1. Is there a residue in the stretch A:147-161 that is at pLDDT 90 or above, more than 19 Å from the chain's Cα centre (by Cα) and buried (at least 24 other Cβ atoms within 10 Å of the Cβ)?
2. Can you spot a residue in the stretch A:81-104 that is within 14 Å of chain C (Cβ to nearest Cβ), touching a strand residue (DSSP E or B) at 6+ places or on another chain (Cβ under 9 Å), of a type outside the set (Asp, Glu) and part of a helix (DSSP H, G or I)?
3. Is it true that C:Leu108 is in contact with a Pro (Cβ under 9 Å, 6 or more places away or on another chain) and in a helix (DSSP H, G or I)?
4. Could you tell me whether the stretch C:191-205 includes any residue that is facing another protein chain (nearest Cβ under 10 Å) and crowded, with 22+ Cβ neighbours inside 10 Å?
5. So, in the stretch A:66-79, how many residues would count as being in a helix (DSSP H, G or I), out of contact with any Leu (no Cβ under 6 Å at 6 or more places or on another chain) and buried (at least 23 other Cβ atoms within 10 Å of the Cβ)?
6. Which of the residues belonging to the stretch B:114-164 are without any contact (Cβ under 8 Å) to a residue 12 or more places away in the chain and of a type in the set (Gly, Ala, Ser)?
7. Any residue at all in the stretch C:168-179 that's surrounded by 21 or more Cβ atoms within 10 Å (Cβ to Cβ) and within 11 Å of chain A (Cβ to nearest Cβ)?
8. Got at least one residue in the stretch C:70-89 being in contact with an Asp or Glu (Cβ under 6 Å, 6 or more places away or on another chain) and within 14 Å of chain A (Cβ to nearest Cβ)?
Amino acid sequence: MLLSDILKLEDFMNRKWINKFFLLICWFVTVVSALTLIFLLTVIVFNGAQAINLDFLLTRSRDFGAEGGIFYQIIGSILLITGASLISFPIALGTAIFKSEYLKNNFLQRLSSILVYGLNGIPSIIFGIFGLIFFVHFLETGISWLVGAVILAIMIIPTIVLAAYQSINSIPKIYRDSALALGLNRWQVILKVVLPQGISGAITGLLIGAARAIGETAPIMFIATAFSGVEMPGSLFEPVTALPTHILALAQHATDSQALKNAWGTSLVLIILVFVFSVSALFTRIKLRSVSQR
Amino acid sequence: MNKKTVESSELVDRIESPVIEIGKFNVWFNGIHILRDFNMRFRENQITCIIGPSGSGKSTLIRSINRINDDVEGFACQGDIILNNGHINGQDIYHNGTDVNLLRTQVGMVFQKPCVFPKSIYENVLFGIKYLKRLSKQEKQQIVEENLKAVSLWEEVSNRLHDRAITLSIGQQQRLCIARSLAVKPSIILLDEPTSSLDPISSYAIENLMLQLKKQYTIIFVTHNIFQAKRIADYLVFMCEGQVIEEGTKEKLFSNPDKQQTGDYLSNEYCEC
Amino acid sequence: MSAYTSKIGKGYVLSSTLISTAMILLILAVLFVNSYGAIIEVGWKLFTLKWNPPDARFGILSMLYGSLVVTFLSLSIAVPVGVFTAVFTAEILPSKYRIYVKSSLELLAGIPSIIYGLIGVAFFSVWIGELFSLQSGRTIFTAAVLLSIMILPTIITLCDDAIHNVPRKYREAARGLGLYKYEVILSSILPIAKTDITGTVLLALGRSLGETMAVMLVIGSIDKMPQPFYNFLVPGQTVTSKLGREIAESAFGSLHFSVMMFMGIVLVIIVLSLTFVAQRYFKTGRLYE
């Protein structure tokens, strides 16, 4: 059957051109996206690099950050993240283990998923407000870095639970069955089989969560940080100063070129820290995958 | 090709000219040599079954005929495939100026897994043809009816044409896919193990369909089921490791094959290539 | 020994779970309790236009309007751009580059929002101010543009997953019928990816509504509806920006504070609903992110 009596060649030409046009649009839009995103990174790196030197990293800030360095801001951020990690890790790990080992009821599973992962959907400023009301006012802790660590911990718990849970779920059933067949009771099985896998998954989740938490401003700006005169906190209940809140303070003096310069420098340092956490998470995820496929 | 095969193909040549001529065709996927110096002629209005063990390159071969391998990464080929029918007459389809989309309207393909789009049965049949010409509502209805009848689906679905195609059984879905390909009015139909996902009854229905369709279409049917080949083939091509081991009419290969390997494969499904 | 450690172990995991599941309820409860005062004392008047606390005017509509406008504006830029880019990365880009593109997108999605705020202050508000000859470059439009850039990497990567996950057989079946690439994409692939893409858009909606730092720095913080209502080149206010700026200054326990809490809880309810609905759209992987 010849096609020439059915087709008109013009129809083909038309479609051909529309096809080219469509693909052209895709290219164009992608180039626009790419350029925008490249612009972002370039701006941060370029401007930030100009501000950073050893002096900047190691001296304290003066004059509300318009001068000096960000030494104590770095310390403050690290302190907050460390605290948040120590608090969130065991809670999240325990939750993941409970969800996968003890929770059999379908309804409870879904309910717990909604309640835990729902935390991920809450805007970060609400965490800050919650911390303000509950800890600073209600429990009267005052502005303290411990409270900041607690709030950040709450924020990243869902991420760690998810990662640990997925990691535990990927354990082939045969490992569990073998352990049970040897006569181990439930908790011993958990200890020997589930826990190691859960910990690796939780570590990945923790790194991902830390990458996010270290850059958060809103949760900590009312409750854990102060903008001036703060160095090392003397106790658990004193404020600290941190990188993202420092950027906020500096951004509000955008007309002062030195302040702006310092803001870029701080941003670059912050991004590098986020980057370090993200890449570490990537490595642990890859390592985890190769282990579970053994 | 050995002497005897040359003779039989010459014999056929005198009767009908080949509709597809494959000459010195090589295919590599990511550097791995899949088809080696492949030569073949396919005859018109016949069912040619391509048989052979897994990995012998059967799928690769027919997928090269409608150039659907072009979209797969790592694909490289050399050699020519010449069509002697319809719009692309006497030209190598791998020639630079070939309109691949036009080619595919002339050479239809049915895949191993039935693939119905998430639309109604009606819209599925029209899926390919609607891009080729403007159709009035009447013409659409006519095409749907005509092609569903051609695959013996019409009585089963005529009262629910606008139901989603996914509600059909797997066997019906595959027949729908064939109807969809037929609607585009190709002259050659390639089938890549179309019944391997189906139950025996659906498979049988499709085999019967092939026997009817061959009067109007040239059918190239890849299968790993020897009994199926025995039932429907006019001409058989036995492949192994990317090359033709033997080809000939069904009668010849089953009763008196030239090569030891052919006999082994056809009786025991064992091939030591 | 084993019975005892078993008990401790079970206690540990159970209490962990109770803590993590209770958190969200605690947060909602705290917000609600503190907004109660506003609901009782201001009631329906909360949904009026005028915001002037010294005058006991607590109309939050301007803030709600600002949030909605900024969000919809930013998505109307970011979604088309993101989907077309995702079509490119999933269908046109050769697969050996995929890993670099995906990794870059993940890293970009991780840039803290305060840094976007900084870029907005240092560049976008200046440019937009000059481009439109405005008195101040801090406008609703600026916030929307900034937000769209923020949300773009996430939209691209999730839509790319959605398209990439469409099984190969659909592409081949359509191609086999002689369809051009764009016809395959429009009629075969996108309809199947549609649910995941919808989920992505809903997720992006939720995140944009909840974004504080970037918006706060460039929106101008004027608690009024723009005149006329479609003029986006004027400063405005969103719920998140308002909360960010004024919570610290608002006296705890006062009516002012209570109204802010009310705004907070409205925001949370909307965002949580969106996130919840979004999850139901995602067919493949990527749940709960």
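The values are calculated or read from the model by the stated rules, or taken from the named source; none is laboratory data. Since this is a predicted model, take the numbers as computed values, not measurements. We place every Cβ from the backbone using ideal geometry, glycine too, and count neighbours over all the protein chains shown.
1. no
2. No, that holds for no residue.
3. yes
4. Yes, there is a match, as at least one residue in the stretch C:191-205 is facing another protein chain (nearest Cβ under 10 Å) and crowded, with 22+ Cβ neighbours inside 10 Å.
5. 1
6. B:Ser136
7. So far as the stretch C:168-179 goes, yes, one or more of its residues are surrounded by 21 or more Cβ atoms within 10 Å (Cβ to Cβ) and within 11 Å of chain A (Cβ to nearest Cβ).
8. Looking through the stretch C:70-89, at least one residue is in contact with an Asp or Glu (Cβ under 6 Å, 6 or more places away or on another chain) and within 14 Å of chain A (Cβ to nearest Cβ).
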